[in-house]
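This report refers to the structure that appears directly beneath it.
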Amino acid sequence: MTGKQAEGASLTTPGPPASALPPGAVVDAPTRSRRRVLPLLGQLLPLGLALALWLSSLRRVDLRGMSDLGLLSVLPLTYGAALGLVIGTLAVLIHQGSTRPVVLVAYFVLLIAILHATPAILYDSLRYAWGWKHVGVVDFILRHHAVAPRMDSPFSAYQSWPGFFALNALLVKVSGLGSALSYAAWAPPVVELLALGPLKLLFTTLARDTRQVWLALLVFYLGNWVAQDYFSPQAFAYLLYLVCLVVCLRWLPAARAGTPLPRWRRWMGETLPGQATGAPVRRRELLAVVLLLAGGIVTSHQLTPFMLVAALCVLCLGRHTGPAWLPVVVAAMTVAWVAFMATTFLRDNLYWIIASIGQLGQNAQTGFVDLSHATLDQKLVSYASRALTALVGLCAVAGWFRLRHARQPHRVAGLLAATPVTLLAANSYGGEMVFRVYLFALPFLALLAAGLVYPRTARTGGATAIAALAITMSMLFCAAYYGRERANYFTPEEVAASTWLYAHAPNRAMLVGATADFPWAWTHYETYDYAFLEDLPPAQRRTMVSSPLPAVDEAVVERRGPVYVVLTRSQVDSVRYTGVLPDGAVAAVGAALEHAPGYHVVYQNRDAVIFAASLPSAGGAR
């Protein structure tokens, strides 16, 4: 036996080398089983250790100690050790190329839990103020057994696109739960887990190398910092969008062309490794599935149908899916729904929708926060999100060129990554369009970024490159995703104040906040009017510290009943983070209301205070 042979034998499972066995000897079944099981146990050992480290880290978190770095500032070192162990082991297992898929899936499940289940476990309440509003829409449907698309209120968009809320109302009723609030906090980890299957199938369809597929999944989960996975129609519609693309690309290939294709169409076309060859047997059934999924998207969200139509147009033009009428039908469904169900929403918002068309630069800029008055920690958080986005984008561009040079599939992923950018010219989406563009482009950016490493001929250095990239992304992700938790997290005292408010405020009362960052509208929302000081004209907001009472009077000028002003800790932090109000504005409003005639404190704890212009009715009649 040579030296290399002896070295190779030492890396196998215990037992005599094959050359030491007598001629004709047969290895018994238990020995073969041990040779399979022992490497599997070695692969799973880091998984168990990382799980133990993560769970132990959650026992020593003081949420009140959060700085402007958010949750990242109070998580112990064991949290980082658990995350680093999962990422490092994934890098090695992906590069090996022979790891069982079930092992890799187990690591991804733990990665998702560490990144997205941590807030759900630590917090005593639902994260994000928007999530509380969505719970309120489900509550409305449960109480009225209907939707109200003609409702003239800040919630007209939710009533005009009620698919997600109606489905959750059905879930609450069937399960016997009292409210969607009982499970809404777990939406982020559940949504991310549900996305794992469609993403894996999508990447397998578009790439030949399985290592590129698994690395793309890692890049996706470490690059998805925009926090659109909470209890929301966007998260639901995004999942349906991914499934639609999988069905179209994998099982609905376009019919072969009878005539030569134009040059531009030939350039868009390429062979997809995972696409079914020939027409599927159940093509009509698959088309029905796509249209059903599209119907769920059209009835649940305003933006996602347009993203789907744009993607289907690209795929049909490149003859990657068919029939050619599919995007036309989905577009017709979208237009019909808007025309018949969203008339109230259009009446109230058509002016800014039209004004933003063609304003590419403005639509791309409105989502960014002014950092001129931000704290150093918040500047780091903002820079981390921008750096992570830029890193994914640059890696994707470099990966596109490398895949092109290696004659690997790259055109379809590149086109689908670029398609969402076109919608920047159509709308600002309330200042969030740039983030939604990144969200819809991210799966394909991740696949192209993974192409920077794989396919790879050399077996050395790959795991190190993956680990370096993933650890850098994980640090940026944690800063970007957890960095605003002082505003996103609501303490038990803040929740108690909101509970008191909705139990005592009578019908037609006006509820006023400095910002919308507190638990609001989660029950009986249609019986109240709402006003927020952050929505006042800029000139009035600038004078709020020196003369706050005129600002409050302006906000409640159209009141129909008693006025309740709610000021909370999370609103103070939101103002500091966004700069939407001057520094000290919330404190100035509170101090002024304490001495203002007609206002007095009706509820107070260490994180919230509620002022009323008149004593509330006992019990809050509904």
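The values are calculated or read from the model by the stated rules, or taken from the named source; none is laboratory data. Please read these numbers as outputs of a predicted model, since none were measured by experiment. Don't worry about glycine lacking a Cβ; one is built from the backbone with ideal geometry, like all the others, and counts go over all protein chains shown.
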Would you pick out the residues in region 81-114 that are of a type in the set (Gly, Ala, Ser) and free of Cβ contacts under 8 Å to residues at least 12 places away in the same chain? SER98
Selected residue [modelled with pLDDT under 90 and surrounded by 14 or more Cβ atoms within 10 Å (Cβ to Cβ)] from ALA587, ALA555, ALA608, ALA592: ALA555
So which residues in region 557-598 are free of Cβ contacts under 8 Å to residues at least 60 places away in the same chain and acidic (Asp, Glu)? GLU558, GLU594
Between a first residue in region 408-432 that is in the same structural domain as TYR238 (by TED's automatic domain parsing) and a second residue that is among the charged types (D, E, K, R) and buried (at least 21 other Cβ atoms within 10 Å of the Cβ), which pairs have beta carbons less than 7 Å apart while being 6 or more apart in sequence or on different chains? TYR429/ARG436
Using the structure shown, decide if ALA117 is in contact (Cβ under 8 Å) with a residue 40 or more places away in the chain and not assigned by TED's automatic domain parsing to the domain that holds LEU222. yes
Given the conditions (1) at pLDDT below 95; (2) surrounded by 16 or more Cβ atoms within 10 Å (Cβ to Cβ), report the number of the one that LEU104 does not fulfil. (1)
Mind counting the residues in region 550-575 that are touching a Lys or Arg at 6+ places or on another chain (Cβ under 8 Å) and closer than 13 Å to VAL589 by Cα? 1
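Residue under question is ALA364, and the condition is that it be hydrophobic (A, V, I, L, M, F, W, C), in a helix (DSSP H, G or I), farther than 26 Å from PRO198 by Cα and modelled with pLDDT under 80; does it hold? Talk me through it step by step, then tell me what you get.
Values: hydrophobic (A, V, I, L, M, F, W, C): yes; in a helix (DSSP H, G or I): yes; farther than 26 Å from PRO198 by Cα: yes; modelled with pLDDT under 80: yes.
Here the answer is yes, as ALA364 does meet what is asked.
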Among the residues of region 223-246, how many are more than 21 Å from GLY393 (Cβ to Cβ) and assigned to a loop (DSSP other than H, G, I, E, B)? 3
Answer yes if at least one residue in region 142-156 is touching a residue at least 60 places away in the same chain (Cβ under 8 Å), surrounded by fewer than 19 Cβ atoms within 10 Å (Cβ to Cβ) and in contact with a strand residue (DSSP E or B) (Cβ under 8 Å, 6 or more places away or on another chain), and no otherwise. yes
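Residues are listed down the side, and each one gets a yes or a no for (1) modelled with pLDDT of 75 or more; (2) within 22 Å of VAL86 (Cβ to Cβ); (3) surrounded by fewer than 18 Cβ atoms within 10 Å (Cβ to Cβ):
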site	(1), (2), (3)
TYR429	no, no, no
LEU442	yes, yes, no
ALA449	yes, yes, no
ARG459	no, no, yes
THR472	yes, yes, yes
Which condition number in (1) more than 20 Å from VAL298 (Cα to Cα); (2) surrounded by fewer than 23 Cβ atoms within 10 Å (Cβ to Cβ); (3) of a type in the set (D, E, K, R); (4) touching a residue at least 40 places away in the same chain (Cβ under 8 Å) is the one that LYS173 fails? (4)
Of HIS95, HIS134, the only residue that is surrounded by 22 or more Cβ atoms within 10 Å (Cβ to Cβ) and at pLDDT below 95 is HIS95
Failed criterion for ILE466 (all others in (1) over 16 Å from VAL572 (Cβ atoms); (2) at pLDDT 90 or above hold): (2)
Might you check whether a residue that is in a helix (DSSP H, G or I) and within 30 Å of ARG143 (Cβ to Cβ) occurs anywhere in region 547-570? yes
Evaluation of VAL328 against (1) at pLDDT below 95; (2) more than 23 Å from LEU439 (Cα to Cα) (one fails), failing number: (1)
Return the residue satisfying two criteria in turn: it lies in region 80-92 and is closer than 16 Å to CYS478 by Cβ and among the aliphatic types (A, V, I, L, M), and of such residues it is surrounded by the fewest Cβ atoms within 10 Å (Cβ to Cβ). ALA81
Give the residues of region 84-141 that are among the aromatic types (Phe, Trp, Tyr) and in a helix (DSSP H, G or I), sorted by residue number. TYR107, PHE108, TRP130, TRP132, PHE140
